[in-house]
Amino acid sequence: MDQNLKKEMEKFAVKIRMGVVDEITTLGFGHIGGSLSVCDALAVLYGGVMKIDPKNPKWADRDKFVCSKGHAGPAVYAALGLKGFFPYEDIKTLNVPGTNFPSHCDKNKTIGVDMTTGSLGQGTSQAVGLALGDKLKGRDSKTYLMVGDGEADEGQVWEAMMFAAAKKLDNLYVFIDFNKKQLDGYVKDILDPGDFGKKFEAFGFDTQTVNGNDVEAIYDALEKTSKVTGKPHAIILDTVKGAGVTLVAETMSNHSMNINKEQGEEMMNELKAKLAALEA
C-alpha cells in the first residue's frame, strides 16, 4: 500500500471518529462502541476504494455500502459528511425530532445512504439483492456489506450468505465487525459463533481475517480479492469495540453510552492529538 495513501486513510479514520464523538456528545447518548470499531473500514472504503460521487449520490453505476449493523449509523454519517454528501454540521442533529440522521441508517432520509437498515440481519439480504441486481444489469459495481458479530446470531445472515455463494456474487464484499461484544455481553458467552473465517469458507466465500483497526491491513485484503473470481468475499475484521477512544474502549458496556460534555471534550482532545501526530 502506498504510504501516502495509508496516512490519508489513517487521518480520515480519526476524523470519522471525531464525527462520531461530535454527534453523540451533542445528543448526550448513543451507539458509540460499535460505531468506533468500524471507522477504519469506512476510511478505507470512502477514502479511495469505493467508486462514488458525492455530487451524484444516486449514480446508477456507483459502488454501494450497506451497514446491516444499523447502530453504526453515526460512523456512516460522519464519513458521508466528511466526503461532502451534505454539510458536515448536519450530523450533529443525530436522533433529534425531525432529523435526517436517525439512529439507524435510512436511505429515504440521509443523502448517500444506499440502504435502510436497523432490523438486524435484514441488511444482509438487501446487500445480496443489490449485488445480484448489478450483476443482472451488467454493471461493474461492487456492494460492500458491514455485519456485526452479534448480529450474526440472526439466521437470516446465513441464508443470505448461502444464496450469495450459490449465485457466485463476486461483486459482494462482506465485512464482519468482530469486536467480540454485543448489546448485553461478550459474543462468545451469548451465542459463540466459533471461527467466522471457517464458517464463511464452508459457505463458499473467499475469506480473509485481518486487523480490522488497521487501514493498511484492510486495504491490502481488498487488493487480494481482485485475484479471486466466481465467489463472494468475506473479510473478518478483528476489532476492538470503541477502538481509537480510550474512555469508550475501556468501558465494558459500551454498545450505547451516555456521554457528557466533559467526557466528549476528553475524547475529542485524544483524537485531536492523534490527528496532529499524523499531520506532523
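A compact table of results
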{"read-out": "Subset of the range 73-92 [open to solvent by 10 Å² or more (accessible area, probe 1.4 Å) and in contact (Cβ under 8 Å) with a residue 24 or more places away in the chain]", "value": "Leu82, Lys83, Gly84, Phe85, Phe86, Tyr88, Lys92"}
{"read-out": "Selection from the range 2-21 of residues that are assigned to a helix (DSSP H, G or I) and either touching a His at 6+ places or on another chain (Cβ under 6 Å) or of a type in the set (Asp, Glu) (or both)", "value": "Glu8, Glu10"}
{"read-out": "Residue list for the range 145-173, filter: closer than 17 Å to Arg62 by Cα and either in contact with an Asp or Glu (Cβ under 7 Å, 6 or more places away or on another chain) or among the small types (Gly, Ala, Ser) (or both)", "value": "Asn171"}
{"read-out": "Tally, over the range 178-190, of residues that are assigned to a helix (DSSP H, G or I) and either of a type in the set (Val, Ile, Thr) or in contact with a strand residue (DSSP E or B) (Cβ under 8 Å, 6 or more places away or on another chain) (or both)", "value": "2"}
{"read-out": "Flag for Asp114 being under 20 Å from the mean Cα position of the chain (by Cα), touching a residue at least 12 places away in the same chain (Cβ under 8 Å) and outside any helix (DSSP H, G or I)", "value": "yes"}
{"read-out": "Count of the range 191-213 residues which are outside any strand (DSSP E or B) and within 12 Å of Ile236 (Cα to Cα)", "value": "10"}
{"read-out": "Top-ranked residue in the range 227-248 [being assigned to a loop (DSSP other than H, G, I, E, B) and out of contact with any Gly (no Cβ under 9 Å at 6 or more places or on another chain); ranked as modelled with the lowest pLDDT]", "value": "Lys227"}
{"read-out": "Filter pass, Leu169 being touching a strand residue (DSSP E or B) at 6+ places or on another chain (Cβ under 9 Å), surrounded by 14 or more Cβ atoms within 10 Å (Cβ to Cβ) and either of a type in the set (Asp, Glu) or assigned to a helix (DSSP H, G or I) (or both)", "value": "no"}
{"read-out": "Of the criteria (1) in contact with a Gly (Cβ under 8 Å, 6 or more places away or on another chain); (2) open to solvent by less than 40 Å² (accessible area, probe 1.4 Å); (3) of a type in the set (A, V, I, L, M, F, W, C), which one Val113 fails", "value": "(1)"}
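The values are calculated or read from the model by the stated rules, or taken from the named source; none is laboratory data. Keep in mind that what you see is a predicted model, and the values were worked out from it rather than measured. So basically every Cβ, Gly included, is an ideal-geometry build from the backbone, and we count neighbours across all protein chains shown. Quick note on the areas: whole protein, heavy atoms, side chains included, nothing else; ligands and nucleic acids left out. Shrake-Rupley method; radii C 1.70, N 1.55, O 1.52, S 1.80 Å.
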